[in-house]
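Asks: Would you mind keeping the following structure in view while I ask a few things?
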Amino acid sequence: MGRPGNYNALTDVTGIYVGHYTNMDAVSGVTVVLCTQGAVGGVDVRGSAPGTRETDLLAPGNLVQEVQAVVLGGGSVYGLAAADGVVQWLAGKGHGFPLDGNHVAPIVPAAVLYDLGRGSEFVPPITAEWGLNACKAANNDLIPTGCAGAGTGALSGCIKGGIGTASLILDNGITVGALVAVNSFGSVIDPKNGRPWEVRQEINGEFGNTGKQAKVLPSQPDGQSGRNTTIGIVATDVRLTKSQAQKIAQMSQDGLARAIRPAHTMFDGDTVFCMATGKKELPKAEGFFADSQAKAINDIGNAAAECMARAIIRGILDAHSMAGMTAFCDLEDLELSSLR
């Protein structure tokens, strides 16, 4: 279907910059995805407990077409404050929806996950400065994964969650990428074989030696349900309409559901954004259907789902144990357990 980009990350998509702010004492953080020149945005919310900002604006029938950033954060409802700092940073540089000759309104949708009670204070001390710091750290290079940014305090099922990323360059040259913070109620690991559900999607050994291991999953602690949500972003370098971006976001949720079981539960607020930077034209094809771009949308959506699944696995495998949460790499080996 294609190959990973140079960084195997969301930053392989031209025009995309990613920055983290990580607070280890608070066991929480913020991740900002910037496209200061504007990206057509879409969103799909499938969990039953979402925490979001500006998602209604992304509906195809609404006025504003482009976003300048998307924020993923910890802190549950308190974490939405970080988006204010992103707005301030963008406004200071003149990036946003034009209001008059001197002012802009930066469009910054956001989604948050639940990581309360995992740091030194029950509520992480999240302010606009967290978002501002993440903007200052943004670049289009390698993206730190595991316990960083929005994945710092993440817990997936009964093991340490984290943030992961992946990309794919299609045979026609279109680039697709995903970035996701995994804080799921469901498990990324198949309890029967101790390996990720979607480990077969690995490309070029991207999961490393840890991805070859089989582990024994611990039992889910009592009373821990309802503290979840997986949030992510997929991006592509083609020009899309808002309707098409929404469709890509919808299709990418298939990768989330394949990699996390169960997904989209009553305890999750699973939300995926799509950003299209418009650096390339969407290919057209001859065919029976009036929409000559339908096949290209199918291909991009399928790639987005695959990138999402691979990014989720990387978020789990790259995490380390902290704050009482045990990472996959530190679990007991399944083979050793069977010898007892």
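Asks: Hey, does the range 44-60 have a residue that's over 20 Å from Asn140 (Cα atoms), among the basic types (Lys, Arg) and not in a loop (DSSP other than H, G, I, E, B)? Give the steps one after another, and end with the answer.
Replies: Going residue by residue through the range 44-60, those that are over 20 Å from Asn140 (Cα atoms) are 44-60.
Right, trim to among the basic types (Lys, Arg) and you get 46, 53.
With not in a loop (DSSP other than H, G, I, E, B) added as a condition, the list becomes 53.
Checked the range 44-60: at least one residue is over 20 Å from Asn140 (Cα atoms), among the basic types (Lys, Arg) and not in a loop (DSSP other than H, G, I, E, B).
For every residue, the table says whether it meets (1) in contact with a Lys or Arg (Cβ under 8 Å, 6 or more places away or on another chain); (2) crowded, with 23+ Cβ neighbours inside 10 Å; (3) not charged (D, E, K, R).
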position	(1), (2), (3)
Ala137	no, no, yes
Asp141	no, no, no
Pro144	no, no, yes
Gly149	no, yes, yes
Leu170	no, no, yes
Gly177	no, yes, yes
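Asks: Please verify whether Val87 is within 26 Å of Gln246 (Cβ to Cβ), touching a Pro at 6+ places or on another chain (Cβ under 7 Å), β-branched (Val, Ile, Thr) and not in a loop (DSSP other than H, G, I, E, B), treating the condition exactly as stated. Spell out how you get there, then give the answer.
Replies: On the way: within 26 Å of Gln246 (Cβ to Cβ): yes; touching a Pro at 6+ places or on another chain (Cβ under 7 Å): yes; β-branched (Val, Ile, Thr): yes; not in a loop (DSSP other than H, G, I, E, B): yes.
Yes; evaluated as a whole, the condition is true for this residue.
Asks: Restricting to the range 24-36, name every residue that is within 18 Å of Val180 (Cα to Cα) and either under 14 Å from the mean Cα position of the chain (by Cα) or of a type outside the set (A, V, I, L, M, F, W, C) (or both).
Replies: Going residue by residue through the range 24-36, those that are within 18 Å of Val180 (Cα to Cα) are 27-35.
Those that are within 18 Å of Val180 (Cα to Cα) and either under 14 Å from the mean Cα position of the chain (by Cα) or of a type outside the set (A, V, I, L, M, F, W, C) (or both): Ser28, Gly29, Val30, Thr31, Val32, Val33, Leu34.
Asks: Scan the range 30-53 residue by residue and report those that are out of contact with any Leu (no Cβ under 9 Å at 6 or more places or on another chain) and either within 27 Å of Gly186 (Cα to Cα) or surrounded by fewer than 18 Cβ atoms within 10 Å (Cβ to Cβ) (or both).
Replies: If the condition is that a residue be out of contact with any Leu (no Cβ under 9 Å at 6 or more places or on another chain) and either within 27 Å of Gly186 (Cα to Cα) or surrounded by fewer than 18 Cβ atoms within 10 Å (Cβ to Cβ) (or both), then Gln37, Asp44, Val45, Gly47, Ser48, Ala49, Pro50 are the ones that fit.
Asks: Assess whether Leu331 counts as being modelled with pLDDT of 95 or more, of a type outside the set (Lys, Arg), over 23 Å from the mean Cα position of the chain (by Cα) and surrounded by 13 or more Cβ atoms within 10 Å (Cβ to Cβ). I'd like the intermediate steps shown before the answer.
Replies: Details: modelled with pLDDT of 95 or more: yes; of a type outside the set (Lys, Arg): yes; over 23 Å from the mean Cα position of the chain (by Cα): yes; surrounded by 13 or more Cβ atoms within 10 Å (Cβ to Cβ): yes.
Answer is yes for this residue.
Asks: Do the conditions hold for Thr11, that is, is it modelled with pLDDT of 95 or more, among the polar types (S, T, N, Q), closer than 30 Å to Glu281 by Cα and buried (at least 24 other Cβ atoms within 10 Å of the Cβ)? Give the derivation first.
Replies: Details: modelled with pLDDT of 95 or more: yes; among the polar types (S, T, N, Q): yes; closer than 30 Å to Glu281 by Cα: yes; buried (at least 24 other Cβ atoms within 10 Å of the Cβ): yes.
Here the answer is yes, as Thr11 does meet what is asked.
To keep it simple, each residue is scored yes or no on (1) modelled with pLDDT under 95; (2) under 18 Å from Leu72 (Cα atoms); (3) under 18 Å from the mean Cα position of the chain (by Cα).
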residue	(1), (2), (3)
Gly164	no, yes, yes
Ser167	no, no, yes
Ile189	no, no, no
Asn204	no, no, no
Gly223	yes, no, no
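Asks: Looking at the structure I just gave you, is Asp270 in contact with a His (Cβ under 6 Å, 6 or more places away or on another chain) and closer than 25 Å to Gly41 by Cβ? Quick ask: steps written out before the conclusion?
Replies: On the way: in contact with a His (Cβ under 6 Å, 6 or more places away or on another chain): yes; closer than 25 Å to Gly41 by Cβ: yes.
Against the criterion (in contact with a His (Cβ under 6 Å, 6 or more places away or on another chain) and closer than 25 Å to Gly41 by Cβ), Asp270 qualifies.
Asks: Among the numbered conditions (1) crowded, with 18+ Cβ neighbours inside 10 Å; (2) more than 20 Å from the chain's Cα centre (by Cα), tell me where Gln253 comes up short.
Replies: Looking at each condition in turn, Gln253 falls short on (2).
Asks: Of the residues in the range 184-193, how many are part of a loop (DSSP other than H, G, I, E, B) and either of a type in the set (Lys, Arg) or surrounded by fewer than 20 Cβ atoms within 10 Å (Cβ to Cβ) (or both)? Give the steps one after another, and end with the answer.
Replies: To start, the set of residues in the range 184-193 that are part of a loop (DSSP other than H, G, I, E, B) comprises 184-186, 188, 191-193.
Among the residues that remain, those that are also either of a type in the set (Lys, Arg) or surrounded by fewer than 20 Cβ atoms within 10 Å (Cβ to Cβ) (or both) are: 191-193.
Looking only at that region, the number is 3.
Asks: Among the residues of the range 303-330, how many are closer than 19 Å to Ala214 by Cα and either of a type outside the set (Gly, Ala, Ser) or without any contact (Cβ under 8 Å) to a residue 12 or more places away in the chain (or both)?
Replies: Within the range 303-330, residues that are closer than 19 Å to Ala214 by Cα and either of a type outside the set (Gly, Ala, Ser) or without any contact (Cβ under 8 Å) to a residue 12 or more places away in the chain (or both) number 13.
The values are calculated or read from the model by the stated rules, or taken from the named source; none is laboratory data. Everything numeric here is computed off the predicted structure, so don't read it as measured data. No Cβ is skipped: glycine too gets one built from the backbone with ideal geometry, and neighbour counts run over all protein chains shown.
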